[in-house]
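Colleague: Structure provided below as structure tokens; questions to follow.
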Amino acid sequence: MSGGGTVAAASDGSRFVWSPAGAGVQYTTGFGSSWSASSGIPAGAIVESDRADAKTFYGFTSGKFYVSSDGGATFTASTAAGLPAGDSVRFKALPGTKGDVWLAGGASDGAYGLWHSTDSGATFTKLTNVDQADTIGFGKAATGASYQTLYTSARIGGVRGIFRSTDKGASWTRVNDPAHQWGWTGAAITGDPRIYGRVYISTNGRGVIYGDSSDAGDEGTGGGGDGGTPAPTGACTVTYRITNQWTGGFQADVQITNTGSTPGTAGHLAGPSPTVSRSANCGTPTTPRRARRSQRRTRAGTARWPRGRRWASGSRGVGRG
């Protein structure tokens, strides 16, 4: 064994399947006091579990999809064809629905995109409206939708970004912009199961970033509003909160919400005290006071911020918050 590999828990937590790096796939019942070798699946395969059937597990390696219906003891290779040949793949099963699996990944010199299966991987359908996709996640369904919201880091319509779909992948809305790419975002993504439009994105060295939708549950263009009295043009709210402190340093979160009636820009932002919420002019970049005894400043950038959009960023500082 040379690394942690991947591990999958049954939908009811009764058993686990583990594929450690440098060793064969294993399975266990209970809390892992003893493990047994799985058969029918190559070592190093990526493993996941069905999120409705506690005895169904899945695996993938070298272009082949594998299925176990006996809790991971034995796997059988699916006859599904056309999947990515390499191992740059991430796949997930939809919570609450047996056999509903989404698979993303590939390489530019071969199959690359997003695939969907509704029969536990026996067959997969490639989404023709997705050029390339690196990961897939699920979140709370939009108002009136019967299927969970999909999120992906992908290239769609020739544009790279973070995308959301509320209609099972039939159409997609980009939820970031060119000024907010955060490096590599293909490692992991997920929506919030309780809050529609909230998405969590892993980054390459910048931690986890989350964003909230400005709409109330309709796909549209990601805009829309709540139907209430519009806020003054150019207004925004900045919340600065200390989340942890230690001798000589601290950790803080900065959350910026455009509460105005039009898109705006944000400049340098810093909190003057451990907990502060104040309004600033999003229409003109500003440089508010530096945090007391803090040597850390968070730059929001000067990109356009859509009305109602909220972004959060974590940071560490020297001194005290």
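The values are calculated or read from the model by the stated rules, or taken from the named source; none is laboratory data. Bear in mind the structure is a predicted one, so any value in this text is a computation, not a measurement. Because the Cβ atoms are built from the backbone with ideal geometry, glycine has one as well, and the counts that use them run over all protein chains shown. Areas reflect the complete protein model, heavy atoms only, side chains present, ligands, DNA and RNA absent. Shrake-Rupley method; radii C 1.70, N 1.55, O 1.52, S 1.80 Å.
Colleague: For Lys126, list the lysines whose Cα falls under 22 Å from its own Cα; do not include residues on the same chain fewer than 8 positions away.
Modeller: Within the straight-line limit of under 22 Å, Lys126 reaches these lysines: Lys64, Lys92, Lys98, Lys168.
Colleague: Ranked from highest to lowest mean number of other Cβ atoms within 10 Å per residue, what is the order of the peptides 57-66, 33-42?
Modeller: 57-66, 33-42
Colleague: Leaving out ligands, DNA and RNA, and with a 1.4 Å probe, what % of the accessible surface on segment 21-100 is carbon or sulfur?
Modeller: C and S atoms contribute 52 percent here.
Colleague: Follow-up question, since we're still on this one. For the pair Thr29 and Thr123, what calculated FRET efficiency results from E = 1/(1 + (r/R0)^6), where r is the Cβ-Cβ distance and R0 = 25 Å, to the nearest 0.05?
Modeller: In this case the efficiency is close to 0.25.
Colleague: Something else about it: Find the percent of Cα-Cα distances in segment 16-156 that exceed 28 Å, and round it to a whole number.
Modeller: Percent of Cα pairs beyond 28 Å in segment 16-156: 17.
Colleague: While we're on this one: Taking the Cα centroid of segment 58-73 and of segment 75-133, what is the distance between the two, rounded to the nearest whole Å?
Modeller: 13
Colleague: Could I ask something else about it? What figure in square angstrom, to the nearest 10, would you give for the accessible area of Lys92 with a 1.4 Å probe?
Modeller: Its heavy atoms expose roughly 60 Å² to the probe.
Colleague: Mind ordering 105-112, 193-200, 67-74 by average Cβ neighbours within 10 Å, highest first?
Modeller: The densest-packed peptide leads the list: 67-74, 193-200, 105-112.
Colleague: Ok, one more. From the P(r) of segment 112-165, could you give the percentage of C-alpha pairs in the tail past 14 Å?
Modeller: Tail of P(r) above 14 Å: 57 percent of Cα pairs.
Colleague: Ordering Trp172, Trp18 from largest to smallest accessible area (1.4 angstrom probe), what's the sequence?
Modeller: The residues order as Trp18, Trp172, largest area first.
Colleague: Within the P(r) computed for segment 134-178, what percentage of the Cα pairs occupies the region above 15 Å?
Modeller: Roughly 37 percent, rounded to a whole number.
Colleague: Could I ask something else about it? For segment 143-214, what is one quarter of the convex hull surface built on the Cα atoms, given in nm²?
Modeller: Taking the Cα atoms of segment 143-214, their convex hull projects to 5.0 nm² on average.
Colleague: Separation between the Arg194 and Ala141 pseudo-spin-labels, each 7 Å from Cα along Cα→Cβ, expressed in nm?
Modeller: Label at Arg194, label at Ala141, 2.0 nm between them.
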